[in-house]
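First up is the structure itself, then whatever we jot down about it.
The values are calculated or read from the model by the stated rules, or taken from the named source; none is laboratory data. Predicted model only: the values in this text are computed from it and were never measured. Glycine also receives a Cβ, built like all others from the backbone with ideal geometry; neighbour counts cover every protein chain displayed.
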Amino acid sequence: MKKMMLVLVASACCSAFTVNASAQQADKAIADAVIAMTKAQWAAGMKDPTNVAEQSKDMSDDYTEFNGQYATRLEGKAMNERLTEASGKDSSKGLAAEMANPKVQVYNGDVAILTYNYVGLTIDKDGKTTPDRAKSTRVFVKKDNKWMLVHANFAPDPLPKQ
(Lines give C-alpha, C1' and ligand atoms only; values in the text may rest on other atoms or scores of the structure.)
Protein backbone atom coordinates (compact mmCIF):
# COMPACT_ATOMS: atom_id res chain seq x y z
CA MET A 1 0.00 0.00 0.00
CA LYS A 2 2.83 2.39 0.86
CA LYS A 3 4.52 1.58 -2.45
CA MET A 4 1.32 2.30 -4.34
CA MET A 5 0.90 5.62 -2.51
CA LEU A 6 4.52 6.53 -3.25
CA VAL A 7 4.04 5.72 -6.94
CA LEU A 8 0.87 7.86 -7.07
CA VAL A 9 2.57 10.81 -5.37
CA ALA A 10 5.61 10.53 -7.62
CA SER A 11 3.36 10.31 -10.69
CA ALA A 12 1.40 13.40 -9.61
CA CYS A 13 4.62 15.34 -9.03
CA CYS A 14 5.97 14.37 -12.45
CA SER A 15 2.69 15.39 -14.10
CA ALA A 16 2.68 18.74 -12.31
CA PHE A 17 6.31 19.34 -13.32
CA THR A 18 5.52 18.49 -16.96
CA VAL A 19 2.49 20.82 -17.03
CA ASN A 20 4.50 23.63 -15.42
CA ALA A 21 7.42 23.17 -17.84
CA SER A 22 5.02 23.18 -20.78
CA ALA A 23 3.37 26.41 -19.56
CA GLN A 24 6.77 28.03 -19.10
CA GLN A 25 7.75 27.07 -22.67
CA ALA A 26 4.48 28.54 -24.00
CA ASP A 27 5.02 31.76 -22.03
CA LYS A 28 8.60 31.99 -23.36
CA ALA A 29 7.35 31.59 -26.94
CA ILE A 30 4.76 34.35 -26.37
CA ALA A 31 7.42 36.61 -24.81
CA ASP A 32 9.74 36.04 -27.75
CA ALA A 33 6.90 36.81 -30.19
CA VAL A 34 5.83 40.13 -28.63
CA ILE A 35 9.44 41.28 -28.25
CA ALA A 36 10.10 40.39 -31.91
CA MET A 37 6.96 42.30 -33.00
CA THR A 38 8.14 45.40 -31.12
CA LYS A 39 11.64 45.24 -32.60
CA ALA A 40 10.16 44.73 -36.08
CA GLN A 41 8.10 47.90 -35.63
CA TRP A 42 11.25 49.83 -34.70
CA ALA A 43 13.16 48.39 -37.67
CA ALA A 44 10.35 49.34 -40.05
CA GLY A 45 10.39 52.91 -38.73
CA MET A 46 14.15 53.21 -39.15
CA LYS A 47 14.11 51.67 -42.61
CA ASP A 48 11.30 53.89 -43.92
CA PRO A 49 9.66 56.34 -41.49
CA THR A 50 6.93 57.03 -44.07
CA ASN A 51 5.80 53.36 -44.28
CA VAL A 52 3.08 53.73 -41.65
CA ALA A 53 1.27 50.54 -42.68
CA GLU A 54 4.32 48.42 -41.85
CA GLN A 55 4.86 50.17 -38.52
CA SER A 56 1.25 49.72 -37.42
CA LYS A 57 0.43 46.29 -38.90
CA ASP A 58 0.24 44.65 -35.45
CA MET A 59 -1.94 47.37 -33.87
CA SER A 60 -5.55 46.70 -33.04
CA ASP A 61 -8.08 49.16 -34.48
CA ASP A 62 -9.01 50.11 -30.90
CA TYR A 63 -5.37 50.77 -29.93
CA THR A 64 -4.78 53.42 -27.25
CA GLU A 65 -1.61 55.17 -26.17
CA PHE A 66 -0.18 57.44 -23.51
CA ASN A 67 3.08 59.22 -24.28
CA GLY A 68 5.15 62.19 -23.18
CA GLN A 69 4.28 64.38 -26.17
CA TYR A 70 0.53 64.65 -25.50
CA ALA A 71 -1.39 65.33 -22.31
CA THR A 72 -4.25 63.01 -23.20
CA ARG A 73 -4.76 59.39 -24.22
CA LEU A 74 -4.52 58.87 -27.99
CA GLU A 75 -7.52 56.89 -29.22
CA GLY A 76 -7.44 54.44 -32.10
CA LYS A 77 -5.06 53.03 -34.66
CA ALA A 78 -6.18 55.60 -37.25
CA MET A 79 -5.12 58.53 -35.03
CA ASN A 80 -1.78 56.87 -34.31
CA GLU A 81 -1.19 56.30 -38.02
CA ARG A 82 -1.90 59.97 -38.85
CA LEU A 83 0.56 61.12 -36.18
CA THR A 84 3.17 58.58 -37.30
CA GLU A 85 2.75 59.70 -40.91
CA ALA A 86 3.26 63.35 -39.92
CA SER A 87 6.32 62.57 -37.80
CA GLY A 88 7.75 60.48 -40.66
CA LYS A 89 8.23 63.75 -42.56
CA ASP A 90 10.61 65.02 -39.89
CA SER A 91 14.18 65.29 -41.16
CA SER A 92 15.57 63.42 -38.14
CA LYS A 93 16.04 59.68 -38.41
CA GLY A 94 16.35 56.84 -35.94
CA LEU A 95 19.75 55.16 -36.07
CA ALA A 96 19.45 52.60 -33.30
CA ALA A 97 16.78 51.13 -31.05
CA GLU A 98 17.45 48.75 -28.19
CA MET A 99 15.32 47.14 -25.51
CA ALA A 100 16.89 47.07 -22.05
CA ASN A 101 15.46 45.12 -19.12
CA PRO A 102 12.56 43.50 -21.01
CA LYS A 103 9.97 41.63 -18.99
CA VAL A 104 6.90 39.89 -20.39
CA GLN A 105 4.03 38.84 -18.15
CA VAL A 106 1.64 36.35 -19.78
CA TYR A 107 -1.92 35.77 -18.59
CA ASN A 108 -4.05 32.81 -19.70
CA GLY A 109 -2.05 32.52 -22.92
CA ASP A 110 -3.94 35.39 -24.56
CA VAL A 111 -2.70 38.57 -22.81
CA ALA A 112 0.93 39.67 -22.69
CA ILE A 113 2.33 42.78 -21.02
CA LEU A 114 5.79 43.85 -22.17
CA THR A 115 7.72 46.37 -20.07
CA TYR A 116 11.18 47.65 -20.94
CA ASN A 117 13.49 50.63 -21.12
CA TYR A 118 13.89 52.03 -24.61
CA VAL A 119 17.41 53.10 -25.53
CA GLY A 120 17.87 54.65 -28.95
CA LEU A 121 19.81 57.15 -31.00
CA THR A 122 18.45 59.75 -33.46
CA ILE A 123 20.35 61.79 -36.02
CA ASP A 124 19.13 65.20 -37.25
CA LYS A 125 19.56 66.83 -40.66
CA ASP A 126 22.84 68.42 -39.51
CA GLY A 127 24.33 65.08 -38.45
CA LYS A 128 23.95 65.69 -34.71
CA THR A 129 23.01 62.57 -32.75
CA THR A 130 20.73 62.57 -29.73
CA PRO A 131 20.13 59.69 -27.34
CA ASP A 132 16.50 58.64 -26.80
CA ARG A 133 15.34 57.13 -23.52
CA ALA A 134 11.91 55.96 -22.37
CA LYS A 135 10.14 53.72 -19.89
CA SER A 136 7.69 51.66 -21.90
CA THR A 137 4.76 49.33 -21.46
CA ARG A 138 2.94 47.53 -24.27
CA VAL A 139 -0.15 45.38 -23.84
CA PHE A 140 -0.83 42.65 -26.40
CA VAL A 141 -3.98 40.55 -26.75
CA LYS A 142 -4.45 37.47 -28.89
CA LYS A 143 -7.33 38.27 -31.29
CA ASP A 144 -8.42 35.77 -33.94
CA ASN A 145 -5.26 33.74 -33.23
CA LYS A 146 -2.97 36.76 -33.87
CA TRP A 147 -1.13 38.90 -31.32
CA MET A 148 -2.28 42.52 -31.52
CA LEU A 149 -0.97 45.61 -29.73
CA VAL A 150 -3.95 47.14 -27.89
CA HIS A 151 -2.31 49.71 -25.60
CA ALA A 152 1.05 51.36 -24.97
CA ASN A 153 2.44 53.81 -22.46
CA PHE A 154 5.70 55.57 -23.27
CA ALA A 155 7.09 57.79 -20.53
CA PRO A 156 10.24 59.90 -20.45
CA ASP A 157 13.19 58.36 -18.68
CA PRO A 158 15.16 61.42 -17.54
CA LEU A 159 18.81 61.25 -16.69
CA PRO A 160 19.47 60.93 -12.96
CA LYS A 161 20.21 64.22 -11.23
CA GLN A 162 23.82 64.71 -10.29
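Quick one: how many residues across the stretch 141-162 are more than 30 Å from ASN108 (Cα to Cα) and exposed (fewer than 10 other Cβ atoms within 10 Å of the Cβ)?
Of the residues in that region, 5 qualify.
Working only within the stretch 68-94, note down all residues that are outside any helix (DSSP H, G or I), at pLDDT 90 or above and aliphatic (A, V, I, L, M).
Correct list: LEU74 only.
Counting only residues that are part of a loop (DSSP other than H, G, I, E, B) and not acidic (Asp, Glu), how many does the stretch 133-156 have? Write out each step before concluding.
Restricting attention to the stretch 133-156, the residues satisfying the condition of being part of a loop (DSSP other than H, G, I, E, B) are 144-145.
Adding the requirement that they be not acidic (Asp, Glu) leaves 145.
Of the residues in that region, 1 qualify.
Given (1) assigned to a loop (DSSP other than H, G, I, E, B); (2) touching a Ser or Thr at 6+ places or on another chain (Cβ under 7 Å), identify the lone condition not met by THR130.
Only one criterion in (1) assigned to a loop (DSSP other than H, G, I, E, B); (2) touching a Ser or Thr at 6+ places or on another chain (Cβ under 7 Å) is unmet by THR130, namely (1).
Taking the conditions exactly as written (touching a Phe, Trp or Tyr at 6+ places or on another chain (Cβ under 7 Å) and either under 20 Å from ASP32 (Cα atoms) or loosely packed, with under 13 Cβ neighbours inside 10 Å (or both)), does ASN101 satisfy them or not?
In short, yes.
Could you tell me how many of the residues in the stretch 44-89 are in contact (Cβ under 8 Å) with a residue 40 or more places away in the chain and aliphatic (A, V, I, L, M)?
Number of matching residues: 2.
Does GLY76 satisfy the condition of being within 15 Å of LYS146 (Cα to Cα) and out of contact with any Ser or Thr (no Cβ under 7 Å at 6 or more places or on another chain)?
No, not satisfied.
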